[in-house]
Amino acid sequence: MKLRIYFALSFLSIVITSCSSEDDISNSPNTENEEKIYFGTVNIRTQDQLVVFASNNYTKINGNVQLVGSDIVDTSNLSSIEFINGDLFILNTNIINLNGFANVNLANDSSIEIRNNNNLQDISGLLNIKNRLKYLWVSYNSVMSNIDGLRNISNVTHGIEIVENHSLSNLNGLLGINNSVEFLQISNNDSLINTEGLSNIPSINIFYFNNNDAITSLNEMSSLTHIGSNFYLIENDKLEDINGLNSLETCQHLTIQENIQLKNLDGLINLKSVSDGGMRITDNISLRDFCGLSLISTISTVGYNIRDNFYNPTKDDIKNGNCSI
């Protein structure tokens, strides 16, 4: 059964609590000087509500913006908005693009969630967003082939989640991100064929890469030198090599499991430390070459679990150079 791991944070409570009636678009508008500012959460659930709200021509929203519901099909009326001092949620809509947000930037440490929009093809309307984000979640958008509209975002501090976008072929929209990331999950993207979009990220604390069944190589990730806690590489059915990880030097806990085409671990050739000794490499039925682990100075008994691969060397085998067959 395919492993599905979904990142749940207290941040989700924002989505729930901010949908209350006291914060919806019925709030009285406020203006200040020549700007037209709306104070409070904008909670739009129908296309008619969107049109009515847009007719006020607000330029700034001092709160979250939430578009939630299948009745919403077009964002173009929102083009007057230039700044959102809060989070942006696009959830369960039938919109095709986000062009209505083409003039929008977000405040630093805001978050974006784009989830379960079955007709969404184009997010280039987000190209004006350049400030630092806390979370970036793009999940369950079945016909979206790229995330290029995110390419001007250079910093996401806490979490990036790209999950179950079945037509997504690349991650190039993440090329601008060049900071250390607390949590990164790339999972269940059936058409994903390269990881070049991750090439400027130097450090990840927790990294999940699982169930991306079209990808054959983890490539172009040469900036990644450190995984602070856990690295999970699980059930990527066509993955043959991980050579793009060849700059990785430290990792606290390493799990490589059920990648049935993976043949070697050469991409880990510069890995010098698995600091808590946790190493689980199992059920990779084509894996016969473990020499990429040869620079690890100490392989602990604690957590050492290498089994059910084509070859299953002991710690001493790896240490003594008997690392492949």
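The values are calculated or read from the model by the stated rules, or taken from the named source; none is laboratory data. All figures in this text were calculated on a predicted structure; none of them were measured in a lab. In this analysis, Cβ positions are derived from the backbone assuming ideal geometry, glycine residues included, and neighbour counts consider all displayed protein chains. Ligands, DNA and RNA are stripped out before the accessible areas are found, and what is left, the full protein with its side chains, is counted by its heavy atoms. Shrake-Rupley method; radii C 1.70, N 1.55, O 1.52, S 1.80 Å.
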Over the chain, give the accessible area per residue in Å² for a 1.4 Å probe, as an integer. 40 Å²
Calculate one ³J(HN,Hα) per residue across segment 179-190 by plugging θ = phi - 60° into the Karplus curve 6.51 cos²θ - 1.76 cosθ + 1.60, and present them in order as whole Hz with x for glycine and proline. 10, 6, 10, 5, 9, 9, 10, 10, 9, 6, 9, 5
Rounded to the nearest percent, how much of the accessible area of the chain (1.4 Å probe, protein heavy atoms only) is carbon and sulfur? 44 percent
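Considering only Cα-Cα distances, which of the following residue pairs are longer than 25 Å: 263/319; 238/315; 60/134; 60/130?
Details: 263/319 20 Å; 238/315 27 Å; 60/134 20 Å; 60/130 16 Å.
Beyond 25 Å between Cα atoms: 238/315.
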Mind listing the phi-derived Karplus ³J(HN,Hα) values for segment 256-272, rounded to whole Hz, using 6.51, -1.76 and 1.60 with θ = phi - 60°, and x for any glycine or proline? 10, 9, 6, 9, 6, 9, 5, 9, 8, 10, 4, x, 9, 4, 9, 6, 9
For the chain, share of DSSP beta bridges that run antiparallel, in % to the nearest 5: 5 percent
What percentages, rounded to whole numbers, describe P(r) for the chain computed over all alpha carbon pairs with 20 Å bin width beginning at zero? 31, 48, 19, 2
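Take the Cβ-Cβ distance between residue 272 and residue 238 as r, set R0 to 25 Å, and report the resulting FRET efficiency rounded to the nearest 0.05.
For residue 272 and residue 238, the calculated efficiency is 0.30.
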What FRET efficiency, computed as 1/(1 + (r/R0)^6) with R0 = 30 Å and r the Cβ-Cβ distance, is obtained for residue 305 and residue 249, rounded to the nearest 0.05? 0.85
Given a Förster radius of 35 Å and the C-beta distance between residue 39 and residue 178 as r, what FRET efficiency does 1/(1 + (r/R0)^6) yield to the nearest 0.05? 0.55
Separation between the residue 131 and residue 190 pseudo-spin-labels, each 7 Å from Cα along Cα→Cβ, expressed in nm? 3.8 nm
Report the semi-axes of the equivalent ellipsoid for segment 177-276 in whole Å, largest first, where each axis is √(5λ) for an eigenvalue λ of the Cα gyration tensor. 19, 15, 13
Rounded to whole Å, √(5λ) for the Cα gyration tensor eigenvalues of segment 161-215, largest first, gives 19, 12, 8
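Using the reciprocal of the averaged 1/r over all distinct C-alpha pairs, how large is the Kirkwood radius of segment 200-245 in Å?
It is 11.0 Å.
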Can you list residues from other chains, or at least 5 along the same chain, whose modelled amide H is less than 5 Å from the amide H of residue 304? 279
